[in-house]
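What follows is one structure encoded as structure tokens, with my remarks underneath.
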């Protein structure tokens, strides 16, 4: 951000009066340009214990696998955004069971919210942003070819919860993305120790 | 938004190639400027059945009562943002019990997330954005002087749930803000019919 979107004046970064942190402020008209985290939302859609996944046709992470998800848009609810993304990326219609995970990614200013749902029918397939779409059981999932850590953690929790027979809402932070080995810290903190990815590739 | 924040070129509103809705696009450098909903978060902090509320010292709704809440910032989690706002507006420290409500406000591009918590101590008071801070029981709450419909609905649900002895996570849309009489539609839809504000001012 270099210029004011209202008057095209040059921006400076300073702490405005009455605020506690630096903001982009216009030197010409004085407007403050706030930046806030964005919501990413999608669905973990199940059919008989298998999960609907998409192989990405676009960057970032083209060619890797993900759950259908994307940025929430103005004018819609989080549920509507999750259903829209699932329709766009996997051409699938889902009955939503509820909100399942909320992961903060403070390093990149994102809040991920994934819903649990069941596929309404078997009429699905790749949308323009997907190379292919498929249903995977736990042992079939391409664990080494997942696009995002948020997706890996959501899948791990879901298969774990499925064995236990209930799906509590989970909240946590994904930290250390810069290190290449991001870690999920579930809230409350103690919970995280019980979550281990099953060793399937022995 | 009239000018490109990257090159100060003039913006136009058009549907970019491969997208399905109008965006602000720079005529000079071609950059797309996305706009997304913002997250507002805060705490319903309890002490022995009474709830900590703030009377607003700032616009909008100066002089009216609210729960401590505000916009989530870059670099923090939703919980951290809720705790920060509670500290800033009510000088209070809270032990968070969990996420309680998620309300979509599609008319104004906001997602409200309120946490339940308990006050850690009785050392609280107005921060710079509050005229006063007080603990209210259900019959003491200034129901006719609440700042936001999100706050009214969160309080109504909480006192209702408190009578039942459990606090399920609630998700819903607040619609019709333009009409002056916003309505909460809880998800799934059927739930909303059971929620009625108690008639306390008879």
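Coordinate-derived values only; no laboratory data. Values in this document were obtained by computation on a predicted structure and should not be read as measured data. Here the Cβ is made from the backbone with ideal geometry for all residues, glycine too, and neighbour counts use every protein chain on show.
Worth pointing out:
- The long axis of helix A:78-90 is offset from the longest Cα principal axis of chain A by roughly 60 degrees.
- Compactness of region B:41-194 as Cα Rg over 2.2 N^0.38 Å, two decimals: 0.97
- Label 7 Å beyond Cα on the Cβ vector: residue A:60 copy-to-copy distances, nm: 3.4
- Per-residue [θ]222 nm for chain B (sum of -39500 (n - 2.57) over DSSP H runs n ≥ 4, rounded to 500): -4500 deg cm²/dmol
- Sorted shortest first, the separations between the residue B:80 label point and its copies elsewhere in the assembly read 3.1 nm; each point sits 7 Å from Cα along the Cα-to-Cβ line.
- Counting only alpha carbon atoms, the long axis of helix A:149-164 and the longest principal axis of chain A meet at about 40°.
- Approximate spin-label separation residue A:19-residue B:20, in nm, with each point projected 7 Å along Cα-to-Cβ: 3.5
- For the protein assembly as shown, dividing the convex hull volume of the Cα atoms by the residue count gives 167 Å³ per residue.
- Stretchable slack from residue A:71 to residue A:132, in nm (0.36 nm times residue separation minus alpha-carbon distance): 19.9 nm
- Taking the square roots of 5 times each eigenvalue of the Cα gyration tensor of region A:109-149, largest first, gives ellipsoid semi-axes of 19, 16, 14 Å.
- Sorted from nearest, the other copies put their residue A:19 label points 2.5 nm away, the label point being 7 Å from Cα in the direction of Cβ.
- Treating each Cα of region A:1-53 as one equal point scatterer and applying the Debye formula with no solvent, the log10 of I(q)/I(0) at q = 0.13, 0.15, 0.21, 0.31 Å⁻¹ comes out as -0.48, -0.52, -0.77, -1.14.
- Taking 0.36 nm per residue of separation and subtracting the Cα-Cα distance, full extension of the segment from residue B:120 to residue B:140 would add 5.0 nm.
- FRET efficiency, residue B:185 to residue A:183 (Cβ-Cβ, R0 35 Å, nearest 0.05): 0.40
- Near-label residues of region B:43-73 by backbone N, under 14 Å of a point 7 Å along Cα→Cβ of residue A:6: none
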